Amino acid sequence: MSIKTTKNYSPNFYQEKRLKNQIKFLIIHYTGMKSEKAALNRLIKIQSQVSSHYLIKKNGEIIELVPEPYVAWHAGLSSWKKERFLNNSSIGIELTNPGHYLNYESFAKKQINSLIKLSNFLIKKYKIKKKNVLGHSDIAPERKMDPGEKFPWKHLAEKNIGIWHNLKKNILNNLRTQKCNNLERKKFLKNLYTIGYPKKPMKYMKPEKYIKFLAKAFQRRFRQELTNGKIDKECLLISKNLT
C-alpha cells in the first residue's frame, strides 16, 4: 500500500535517522494561519524552525514535508505518560485550518478523508497503537488548542484511528454541568493522568490554572460541545470510561 503525495521538503528536521520502532505516536495539528499558502511557506522556511512530516490541504492533497525516518519539529515542549519531547517518537500531520485566533472553521470532508487514508497507512506501517493517536493539545495542554473541538475525533475512532468513549448521549447530557466535589475532581485528574495527560506543565504555572487548561484539552477531545474548563460529572464519567 502507498499514499499519493506531493513532495515539498522542509529543511527543518534533525539529520540523524531514527529506527522504525522508535516511532510510537501520531500527532495531529492545525496550521493556525489565514491561508494554505502562508501555512506551507512557514513549514518550509528555515527561519521558522517548525515543520511536520505531512500537510493536508482542504482539497485533500497530501504534501510530504519531512521523510518519516527523520525527526520533524512539530510537537515542541510536550509529554505523554513517561514520554517527553514527542518530536523524537512521533509523526506530525498538519491540517490547514485558520484555527481559534483566525476564524476557526470545520475541517473539509476531503481533508479528513485524506487524513484517514494517511493515518491508517502510518498506523499499519509503524504499528502505532490507537491510544497513541493524539492531538497537539493533548500533549501540550497549557500551550496548544489544536486540532480543537471541531476536529472529528469520534469519526476517526470509528475508523480505528484514536480512541473514543462508548457512553450514550442521553446519559451524558443529564450529567453535564453537574458539579463535582473535591474527591470527584481528584478522581477525574487521576483518570486523565492514567490516560496519559501531563501531570504538570513544562514551565511554571499555578496548579489551578493548569488544571483548567488540562480540563479544556480533555473536553476539546472527548466533550466537544462544551469546552469551558470546568470539571463536571459528565467529564468524570467520560474519563472513567476511557480508563
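Between residue 182 and residue 158, residue separation times 0.36 nm minus the direct Cα-Cα distance comes to 5.2 nm. Legend: P(r) of the chain from all alpha carbon pair distances, 10 Å bins from 0, whole percents, reading 8, 33, 36, 19, 5, 0. Over the C-alpha trace of the stretch 169-242, radius of gyration and Dmax come out as 11.7, 39 angstrom.
Equivalent ellipsoid of the stretch 70-146: semi-axes from √(5λ) of the C-alpha gyration tensor, largest first, are 21, 19, 10 Å. At most 11 other Cβ atoms within 10 Å and a DSSP loop assignment: could you name the chymotrypsin sites (Phe, Trp or Tyr not before Pro) in the stretch 1-108 that fit? Here the sparse-neighbourhood loop sites are 101.
DSSP assigns beta bridges within the chain; of those with both partners inside it, close to 35 percent run antiparallel.
The trypsin sites (Lys or Arg not before Pro) of the stretch 191-243 meeting both criteria, a DSSP state outside H, G, I, E and B (loop) and at most 16 other C-beta atoms within 10 angstrom of the site's C-beta, are 199, 203, 230. Taking the inverse of the mean 1/r over every pair of distinct Cα atoms in the stretch 1-47 gives a Kirkwood hydrodynamic radius of 13.5 Å.
Restricting the GluC sites (Glu not before Pro) of the stretch 193-243 to loop positions (DSSP other than H, G, I, E, B) with no more than 12 neighbouring Cβ atoms within 10 Å leaves 225. Each pair of Cα atoms in the stretch 117-169 enters the Kirkwood radius, and Stokes-Einstein at 20 °C and 1.002 mPa s then converts it into a translational diffusion coefficient of 177 µm²/s. Across the stretch 76-85, computed HN-Hα scalar couplings (Karplus, 6.51 cos²θ - 1.76 cosθ + 1.60, θ = phi - 60°) run x, 5, 7, 7, 7, 6, 8, 7, 10, 6 Hz from first to last residue, x flagging Gly and Pro.
Compute the Cα gyration tensor for the stretch 43-173, then decide on rounded, prolate or oblate, letting a ≥ b ≥ c be the square roots of its eigenvalues: rounded whenever a/c is under 1.5, prolate when a/b is larger than b/c in the other cases, and oblate in all that remain.
rounded
Site pair residue 103 and residue 59 shows an inter-label distance of 2.0 nm when each label is modelled 7 Å from Cα along Cα→Cβ. Rounded, prolate or oblate: which fits the stretch 125-216 when a ≥ b ≥ c are the square roots of the eigenvalues of the alpha-carbon gyration tensor, with rounded for a/c under 1.5 and prolate only if a/b beats b/c? Oblate, since a/c reaches 1.5 and b/c is not below a/b. Annotation: for a label point projected 7 angstrom from Cα along Cα→Cβ of residue 113, no residues of the stretch 4-39 have a backbone N closer than 12 Å. Relative contact order for the chain: 20 percent, from Cα pairs under 8 Å spaced at least 6 residues apart, divided by residue count. Using R0 = 30 Å, the C-beta based FRET efficiency linking residue 131 and residue 206 works out to 0.50.
Using only DSSP helix segments of four residues or longer, with each worth -39500 (n - 2.57), what per-residue ellipticity at 222 nm results for the chain after dividing by its residue count and rounding to 500?
When only DSSP H runs of four or more count, the value is -10500 deg cm²/dmol.
No value in this document is a laboratory result; all are computed from the given coordinates. This is a predicted model, so every value here is computed, not measured. Positions of Cβ are generated from backbone atoms using ideal geometry, with glycine treated the same way; all protein chains shown enter the neighbour counts.
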